[in-house]
Number of protein chains: 4
Amino acid sequence: MMRSGKDAYQPRPEHHFTFGLWTVGNPGRDPFGEPVRPALSPVAIVRKLAELGAYGVNLHDNDLVPAGSTATERDRIVREFTQVLADTGMKVPMATTNLFSDPAFRDGAFTSRDARVRAYALQKTLAAIDLGVELGAATYVCWGGREGVETNAAKDPRTALGWYRDAINYLCEYVRSQRYDLRFALEAKPNEPRGDIFLPTTGHMLAFIYTLDHPEMVGVNPEVAHERMAGLDFSHAVAQALEAGKLFHIDLNGQQIGRFDQDLRFGSDDPKGAFFLVKLLEDVKWPGMRHFDSHAYRTEDEAGVWDFAAGSMRTYLILKEKVERFNADPEIQQLLTEVDGGKSARVSFGELQNMNFDLAALRKRGYAYERLDQLTMELLLGVR
Amino acid sequence: MMRSGKDAYQPRPEHHFTFGLWTVGNPGRDPFGEPVRPALSPVAIVRKLAELGAYGVNLHDNDLVPAGSTATERDRIVREFTQVLADTGMKVPMATTNLFSDPAFRDGAFTSRDARVRAYALQKTLAAIDLGVELGAATYVCWGGREGVETNAAKDPRTALGWYRDAINYLCEYVRSQRYDLRFALEAKPNEPRGDIFLPTTGHMLAFIYTLDHPEMVGVNPEVAHERMAGLDFSHAVAQALEAGKLFHIDLNGQQIGRFDQDLRFGSDDPKGAFFLVKLLEDVKWPGMRHFDSHAYRTEDEAGVWDFAAGSMRTYLILKEKVERFNADPEIQQLLTEVDGGKSARVSFGELQNMNFDLAALRKRGYAYERLDQLTMELLLGVR
Amino acid sequence: MMRSGKDAYQPRPEHHFTFGLWTVGNPGRDPFGEPVRPALSPVAIVRKLAELGAYGVNLHDNDLVPAGSTATERDRIVREFTQVLADTGMKVPMATTNLFSDPAFRDGAFTSRDARVRAYALQKTLAAIDLGVELGAATYVCWGGREGVETNAAKDPRTALGWYRDAINYLCEYVRSQRYDLRFALEAKPNEPRGDIFLPTTGHMLAFIYTLDHPEMVGVNPEVAHERMAGLDFSHAVAQALEAGKLFHIDLNGQQIGRFDQDLRFGSDDPKGAFFLVKLLEDVKWPGMRHFDSHAYRTEDEAGVWDFAAGSMRTYLILKEKVERFNADPEIQQLLTEVDGGKSARVSFGELQNMNFDLAALRKRGYAYERLDQLTMELLLGVR
Amino acid sequence: MMRSGKDAYQPRPEHHFTFGLWTVGNPGRDPFGEPVRPALSPVAIVRKLAELGAYGVNLHDNDLVPAGSTATERDRIVREFTQVLADTGMKVPMATTNLFSDPAFRDGAFTSRDARVRAYALQKTLAAIDLGVELGAATYVCWGGREGVETNAAKDPRTALGWYRDAINYLCEYVRSQRYDLRFALEAKPNEPRGDIFLPTTGHMLAFIYTLDHPEMVGVNPEVAHERMAGLDFSHAVAQALEAGKLFHIDLNGQQIGRFDQDLRFGSDDPKGAFFLVKLLEDVKWPGMRHFDSHAYRTEDEAGVWDFAAGSMRTYLILKEKVERFNADPEIQQLLTEVDGGKSARVSFGELQNMNFDLAALRKRGYAYERLDQLTMELLLGVR
């Protein structure tokens, strides 16, 4: 039975919604302006998100422990944070490293032309992995924020890819040596803040994984906004990752094609694309986290931030209910059955070569996709 | 009172929906493939669209009268077409010229480097204007299909703009000389089939109009797909045209940003953008035609074409009803009132220069746009 | 005679090269990272640019006078700055206002939903105009950094355009009341930092000007990067502005289509586009400033900043020499002559309607644009 | 020694330049217009290309043997074609199948919803493989022209990827069963003629290969235009394929970002991108074909087509010479040495964790990329 009524859209921990500390904590700085909101403490964020129905939070090392903290400070911070997690029941399913804010990473981290920077990036990541594991994270995201170039004169891309691979191999080795129960999820982005970032889409990242020493430890973390920046269909990329057993994490948000990284509230700009993404995840009962990597508009004060967080989860649940309706709609399902010719039977080469096809019929048949799409849109718009 | 129930979405002539003969008549040829559907006769198109609830049809000269027809053939075709219009009550509110199919226009029509082609394009347009007026059209659309370049080495853009202006001035002069009751609507497009088309957006076209001999006779025909190809917000362009009194016609369809010209079914890819467009047109009770310049997917047979046509009108009416809800929603309207600081009172320079502002308050206030947008999306998704 | 030898590329004040204080002074902050370079003082910038051969500098009010300065501090700063201008012979041909850094402008300045913000933006601009005029500026640029929206639910675009117009009209009135010899140049940008910015291209901005109270005081300031973000041909936009007598200023830089605002070194990413732009400006001997609105890659230290500045000017001069070669190249000019059918003679309607065209010939003739473009590219690559 | 003088740019068979029959044979039809050039016979194309210095031609089955030919006609056509190859010494290094022109493929070939179409597509491909092998082809390109959707309602992308994989596995099996010496090169494209095409970039295609039954038989055929449509850096994609041993073929042409598929003359729109691509191929002495998959502007007659073909090859050779200069330029090479910190030495985890970094130094060092890029541009523009 389909749950009805508005409380179907009330997020609960079982829905596995997570937010990055950096997302609701985003103070609204942008390339042309200063922060517009005061920083929120990690502890306050956890409390509020728990109240709203989230399952957990994710973090970069420096979201929790500011760069330059002493060991004592770090321990105090982690202790307080662990306490609030215990108090609220919130989890930290994923952790990552900030390899982009420090000016030392101006030419990248794992692919900087300076070998000392590459080594420092690894050192920082080992510490961040330790922190993540301490907080219970089972997934470690690597986003190569500045792994790229403004001019191809600067780096031979083959050399850079080699550096990148060396780094991921080294990290996998470390996790194995520590017997951590941790998997890596690599996140692609085509550009910004670099002119061109290496391994720019989920596809390139997936292909790269097969060239690693331990491909079984590594999957992808596709992000709506990053794939949309390049104008690609996000659900297709996610389907490819799913099919390859490589969907280890996902970043939900919104983005217009061909623009700066907008990180809009999930479902706020392209509800149709969001619908087909939710359909894919729910149809396979994907067990991972529904992680929102987005932030409130810069026009907002703190109240607006929580509107944003609540709206993100609520829209997911609205779309999830629509997926159930789509799957249960007799007319839509009938159209899908009629069109589907069934699984291609594998025949012998000789048999195939001698097969006769009624080309005249194949040439004139229609697929009723206009009708199918119209019914889908009406369902999405709530008039069906 | 808001009309309720599903028949609110039943198109009727009073809704002023029109289709181009070339839209439902599109046989599905594309750069990589042959036609997939037989041609539909103009007479058959008019009958079927009347049945579906449309108000009228629009046409290029050669959509009705094939290139190379004799005067006798032309007259017979026009007579039969006029008859079916009379039979069905359908109108022809807009006409235009095909200045792009003939290989003679390979370098453009009004801006071809060959002066003979420029003259021929004018001659063909005069005849098409006569035809349009004969059929009752009050609006004449000029779409500069091939007015552009692949290489800027070929044309000085100032020269080309001069040729373009000469042509439009000449056509205005002709309409005046004939005392036709006809206005021009110029249609912009950024690229395709040329690498770069002159006057690539509604903005550039609007600006160009002010440099004509008779700007009062000329407005714009913005097209969703053309503005979206360049990643621009369509409703903003339409608002600018409306505000300037220059929205003479409009082309409704759908399009993903940064792609080939898709001419998708209106509302099928970006319902939020479509909603704000409908809001703009309905809020001002714009009296013009809701013209669909789009075509069915190439996967469709004729049945799919009519699904496409019916869906286009139906989606417009669904969105129109949502606009009424938006305007009547107390919570949404409250948010808009709270935020709006009212009309800027015009004060003297001295008064302004001595004004004190509570900058601290202005810096921290929020605008509640996340909440406003979430409510809008929920209304659009039919759960509000 | 064409100047030969490498010193043809040595910038001199007569070339009218200018830089914004904010361009060479850019400390390399971006959405994902902190500044990488210390701030340079305006005085130091002027000295260094003079040494490199520039003509002048341009500025936002707060580039020179930090926000919150007292009147005394302001006067001291302006005095010292005026002194270094006198010492070096450098000019300040253009000034503008920073209406985007302060969190008060989070929802825009002239189009903020808060009427107090709109008033404050005007107050700040009047002061900045006074400063600009004091420094000798003859052009005042208005870039509507945040004049836009993330969601169209927030603002009716017609209302926003009305506020925008009121603001520009008010500023024009102020300049007239003060009898300043100052013209306004409006700068368009499609997006970033807002989701969609009003009047997104040079075309839209040009059209808007015609609706102002004093259109003769207002022109445009097209920027390469802003037009390229939308995938439009920049030289076409500049040609339209030139032709309309509205090219009051220009921003030279580089940008890949469909990305965040890159502000690359002029000519560094699209030399062909840069060539045709220089051709346009030089062919008409445009008297304005060649202003570079760009910044060094974030990988650079201060030495890299000056490499960037010197390279910007040098590339312009290299392209300028290539324009002379293009105009003097007999084979290229021959191809242009052959193709050009001459000015379209304006004939009477009757004459035109009776004209016979050799359509078979027009349909099969070629335009030799592949050859023309290949010669152009070879000239550009220096092998011709 | 670097070859000097203009004849360095004279193409010869040893340069391995190839053209598709469909490229120089393109009659200039587009979505808005009819063909502008008569068809050229394959025999005439081979003769002319041999004369211009090409190494060979590539073909779709129906480029040579029209659809619907009888077995006798096919044999005659192949015989005559083989004869002209022998006469001229031209080769056919690559072949492919036309799976997009026939209306039967309106919903795709290997991923059509109709199982009969999927089977017919395989049957047609087996015959085309036989033809390709008969003509001596060692590489078989698969471009999934219509393998995609306009609406995601139509196909579950996981199902579609499964069909795609089944097809390629079947074809590999066939080649093995025939003991053909043939490898497959899969070609990605993001969109056009479908709204979204499956496996939209070289990265997605590479990743897909690892999931096949015989990945060793399958590589990629990256195309400049297809990767650029999505705004991605082409040389990075090629580097990834090279590094993975998967660059089996390449399609050279030109394209502006975010537009319809332009297939421009190689090097004509983005000489910097073309330079870095040539650098990559020449630096590794890649042994494959330099295949041009592009066509003359539609403004051209047959003479323009040959200008286009000659220019394509000539530009490659001009850029190749510039690569040699870049590699030999002492100042450029010095900058690359200075910046490069050398190969990252792999240290033990404990050693790395205890390493001290001079962060202050790493934070302020510059990379001199502005200078490096300026020198590269001057070399490219021929003034260095």
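Tabulated data
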{"quantity": "Nitroxide proxy distance, nm - points 7 Å out along Cα→Cβ at A:D87 and B:M355", "calculated": "4.5 nm"}
{"quantity": "The range D:182-325 - share of DSSP beta bridges that are antiparallel (%, nearest 5)", "calculated": "10 percent"}
{"quantity": "Spin-label model distance (nm) - B:V347 vs C:R12, 7 Å beyond Cα toward Cβ", "calculated": "5.2 nm"}
{"quantity": "Entries in A:K246/D:K124; A:K322/B:K272; D:K189/D:K320; B:K124/C:K279 that, when Cα-Cα distance is taken, lie over 25 Å", "calculated": "A:K246/D:K124; D:K189/D:K320; B:K124/C:K279"}
{"quantity": "FRET efficiency for C:K364 and C:V78, using Cβ-Cβ distance with R0 set to 51 Å, rounded to 0.05", "calculated": "0.15"}
{"quantity": "Average partner coverage of B:141-148, which counts Cβ from other chains inside 10 Å", "calculated": "1"}
{"quantity": "Kirkwood-type radius of the range A:1-137, with distances r between different C-alpha atoms, in Å", "calculated": "16.7 Å"}
{"quantity": "The range B:1-82: relative contact order in percent, alpha carbon pairs under 8 Å with at least 6 residues between", "calculated": "34 percent"}
{"quantity": "Cα centroid separation - the range C:242-318 against the range A:33-85, whole Å", "calculated": "44 Å"}
{"quantity": "Amide N of the range C:92-126 lying under 20 Å from the label point, which is placed 7 angstrom from the Cα of C:R47 along Cα→Cβ", "calculated": "C:92"}
{"quantity": "Other protein chain Cβ atoms within 10 Å, averaged over every residue that makes up C:251-264", "calculated": "5"}
{"quantity": "Normalised contact order of chain D, rounded percent, pairs of Cα under 8 Å and 6 or more residues apart", "calculated": "15 percent"}
{"quantity": "Of all DSSP beta bridges in the protein assembly as shown, antiparallel share, percent nearest 5", "calculated": "15 percent"}
{"quantity": "Contact order normalised by residue count of the range D:182-339, Cα under 8 Å, 6+ apart, percent", "calculated": "18 percent"}
{"quantity": "Net +/- balance of residues flanking B:G219 in space, Cβ distance below 14 Å, scoring K and R +1, D and E -1", "calculated": "-3"}
{"quantity": "Dipole of the range B:287-370, positive end: most advanced residue of B:V323, B:L362, B:G350 [Cβ charges, Cα centre]", "calculated": "B:G350"}
{"quantity": "Hydrodynamic radius by Kirkwood, which averages 1/r over all alpha carbon pairs of chain A, in angstrom", "calculated": "22.6 Å"}
{"quantity": "Sorted peptide list for A:101-113, D:351-363, C:122-134, criterion being average Cβ within 10 angstrom, highest first", "calculated": "A:101-113, C:122-134, D:351-363"}
{"quantity": "Only Lys, Arg (+1) and Asp, Glu (-1) charged, at Cβ; the range B:210-354 dipole about Cα centre in debye", "calculated": "220 debye"}
{"quantity": "Kirkwood hydrodynamic radius of the protein assembly as shown, Cα pairs, Å", "calculated": "33.5 Å"}
{"quantity": "Label-to-label distance, nm, for residues given as A:S177 and B:T337 (7 Å Cα→Cβ offset)", "calculated": "6.7 nm"}
{"quantity": "Helix-only CD estimate at 222 nm, as mean residue ellipticity for the protein assembly as shown, using -39500 (n - 2.57) per DSSP H run (n ≥ 4)", "calculated": "-14000 deg cm²/dmol"}
{"quantity": "Shielding by other protein chains, D:106-118, mean Cβ within 10 Å", "calculated": "6"}
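Read-outs throughout are calculated quantities, based only on the coordinates presented, and are distinct from any laboratory measurement. Here the structure is a predicted model, which means the values were calculated and not measured. When we count neighbours, we look across all protein chains shown, and the Cβ atoms used for this are built from the backbone with ideal geometry, even at glycine.
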